[in-house]
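The values are calculated or read from the model by the stated rules, or taken from the named source; none is laboratory data. Just so it is clear, the model here is predicted, and its values are computed rather than measured. Virtual Cβ from ideal backbone geometry, glycine too; neighbours counted across all protein chains shown.
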Amino acid sequence: MKRIMLAILLFTLFPVSAFSEEADIIKLEDIVVTGTREAEPLKETPATVNAIKSEEVKDVKATHPSEIMNRIPGVWINSTGGEGHITSIRQPLTTNPVYLYLEDGIPIRSTGFFNHNALYEVNMPAADRIEVIKGTGTALYGSDAIGGTINIMTKAPSLKPEIEINPEVGQYDWYRLLISGSNTWGDDGFRLDFNSTHSGGWRERKLYDRYSSTLRWDHNFSMTSSAKTIIAYSNIDQETSGGAPLTKADYDNRPWYNYNTFDYRKVEAFRLSTTVEKELGEKALISTIPYIRWNRMDLLPEWGIFKSGAGYAGYESATQFYSLGLLTKYRRDFEPLRSRFIVGVDLDYSPGSYQEKRLIVSRDAATLKYTSYTYDTNTANYYDYDATFAGVSPYTQVEFSPVERLRFTVGARYDDLSYDYTNNLSTSTNRPASTEKSFSHLSPKVGATCAVTDDVSVFASYNNGFRIPSTGDLFKAGGTATTAVDLNPIKVDSYEAGLRSKVGAIFTFDTTVYYMEKKDDIVTYKPATGDSQRLNAGKTTHKGIEIGVDVQPVKEIGMN
């Protein structure tokens, strides 16, 4: 009887019309962009590319990147407070620059100025689509794309007027207001997305505020040429000690308590880009993307406070850079072997600066709170330097199909990168003298895909990758400064093979086996107490299996 009642209940919850949806579903081919910088069928992409589509982004309305990104197998994004995060994709959780974050294919930050929190500089709830390349992608995107590449894609303007307002209210003084408006007039389409978020937090010093806006303007010059301009701005004001440790007694009796009273992180990020594309006949396309970036972060972190002699010390820092860049690409298709030839050059010029001051911190013995700080008059542990990154990176890629269901991809990228470093303080053990550093690396790749049937395909690939030392690795290495300036790039060889399959729009299955070997990793070596050196002395292997299953029997219900 209970089973009969349950069946009746389920039948009433899901009308008959819902079960007829499958007959009306049109089988559309999955298309991805990030894997090759071109819109191509997923089944012909020799890489593990996962996409979170527009409907899912809209339904989730993530308050933190982890809420949407962790739906992808093999991707783990950890929350560090506010919208701060640490990422793990075929690597352990790390703050090191082994991931590349893009917005519409353009790096959010310049090489050398990596920040593991880069996704909070993007208005993710307003995204149209998110694509993730798992594994090494430097043959296409350059330094840092070792563990994975995350591409946040903006929404295109609507053809008709639309406006959407989403106010949200929650516990602990949390609120968010999302506003989106769009329309197209003739050859010009506009979309404006705004995000205002505030959280008081469940414990002391967990306050978080952000304001983000994204303006997109699409213009059609003709049937064969178009332009897309994106202006993005984010302002973040956050207290950093939401996850600060407590004594066991305080943790048990007052977990909301916090010993910190003055920690902060303030971030501003601005990006402007224009993508101009021109079709040259039916078989060729040329694309240019000039862009500007500006970023500043002021930081006094709770994790920077430490015991120093009989007292306590900490640090306060300011990082700033701007970028002038250009991405160019030419693509040509040929009839023989369904061939495609792509060649391009990426240019990046990014002057930046870093200042750091040592703090003397006062602590109340009764409450255990850090109550105030003053600046240390001894400047031995201060930093004040300028570092300009410059990069010229040509790349090429060839695709061809000797038979209908088999497709090969061969490509390479050559990166010629440099830093021009100026020390604005005296040279010391902690601070290297002004210098110039240059790096070059050739990153080849080769891959193949085979469509076993219309709905089952396999792929295999090899990718060589690298990342150059960041400005922090080279010029802010503390007591290892004398050896850190001689650091070399980290090198990676990555192999993977996978299978993709689907049954109509109801069921999809994909699995990948990967093996990655990292050489010349940057590690800190301590030959004696109180002494340390930063060296290219690390070697690691990363291997695993990723499996993804997506089941959607009807439009309204799905599971992955």
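Among the residues of segment 131-156, write down those that are under 22 Å from ARG296 (Cα atoms), touching an Asp or Glu at 6+ places or on another chain (Cβ under 7 Å) and in a loop (DSSP other than H, G, I, E, B).
SER143 - this is the single residue of segment 131-156 that is under 22 Å from ARG296 (Cα atoms), touching an Asp or Glu at 6+ places or on another chain (Cβ under 7 Å) and in a loop (DSSP other than H, G, I, E, B).
For the condition out of contact with any strand residue (DSSP E or B) (no Cβ under 6 Å at 6 or more places or on another chain), of a type in the set (A, V, I, L, M) and at pLDDT 85 or above, what is the one hit in VAL16, VAL75, VAL49, VAL60?
VAL60
Considering every residue within segment 483-493, establish whether at least one is surrounded by 15 or more Cβ atoms within 10 Å (Cβ to Cβ), more than 28 Å from GLU44 (Cα to Cα), at pLDDT below 90 and hydrophobic (A, V, I, L, M, F, W, C).
For segment 483-493, residues surrounded by 15 or more Cβ atoms within 10 Å (Cβ to Cβ), more than 28 Å from GLU44 (Cα to Cα), at pLDDT below 90 and hydrophobic (A, V, I, L, M, F, W, C): present.
Return the pair list, or none, for Cβ contacts closer than 6 Å from residues in segment 139-158 that are among the basic types (Lys, Arg) to residues that are assigned to a strand (DSSP E or B), at least 6 apart or on different chains.
LYS155/ASP128; LYS155/ARG191
Among the residues that make up segment 130-139, is at least one of them under 16 Å from PRO489 (Cβ atoms) and of a type in the set (A, V, I, L, M)?
yes
Mind checking which pairs have a first residue in segment 271-293 that is over 13 Å from GLY105 (Cβ atoms) and a second that is among the charged types (D, E, K, R), Cβ under 6 Å, 6 or more apart or different chains?
LYS283/ASP333; ALA284/ARG332; LEU285/GLU279; LEU285/ARG331; ILE286/LYS278; ARG293/ARG271
Residues in segment 158-204 that are surrounded by 18 or more Cβ atoms within 10 Å (Cβ to Cβ), over 27 Å from LEU93 (Cβ atoms) and over 24 Å from the mean Cα position of the chain (by Cα): how many?
Total satisfying the criteria: 2.
For ASP128, indicate whether it is modelled with pLDDT of 95 or more and either part of a loop (DSSP other than H, G, I, E, B) or over 13 Å from the mean Cα position of the chain (by Cα) (or both).
Here the answer is yes, as ASP128 does meet what is asked.
Being free of Cβ contacts under 8 Å to residues at least 40 places away in the same chain and over 30 Å from VAL361 (Cβ atoms) is the filter here, so list the residues in segment 294-324 that pass it.
Once the filter is applied, which keeps residues that are free of Cβ contacts under 8 Å to residues at least 40 places away in the same chain and over 30 Å from VAL361 (Cβ atoms), segment 294-324 yields TRP294, TYR322, LEU324.
Looking only at residues in segment 496-512 that are buried (at least 16 other Cβ atoms within 10 Å of the Cβ) and in contact with a Gly (Cβ under 8 Å, 6 or more places away or on another chain), which one is farthest from ALA47 (Cα to Cα)?
Here the answer is THR508.
Let me confirm something: among SER501, SER443, which residue is more than 21 Å from GLN355 (Cβ to Cβ) and free of Cβ contacts under 8 Å to residues at least 60 places away in the same chain?
Criteria check complete, one pass: SER501.
I'd like to check something: does segment 80-92 contain any residue that is among the hydrophobic types (A, V, I, L, M, F, W, C), part of a loop (DSSP other than H, G, I, E, B) and buried (at least 21 other Cβ atoms within 10 Å of the Cβ)?
No, every residue in segment 80-92 fails to be among the hydrophobic types (A, V, I, L, M, F, W, C), part of a loop (DSSP other than H, G, I, E, B) and buried (at least 21 other Cβ atoms within 10 Å of the Cβ).
Matching residues to (1) among the polar types (S, T, N, Q); (2) within 24 Å of PHE389 (Cα to Cα); (3) in contact with an Asp or Glu (Cβ under 7 Å, 6 or more places away or on another chain):
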position	(1), (2), (3)
SER308	yes, no, no
TYR322	no, yes, no
ARG331	no, no, yes
GLY344	no, yes, no
SER362	yes, no, no
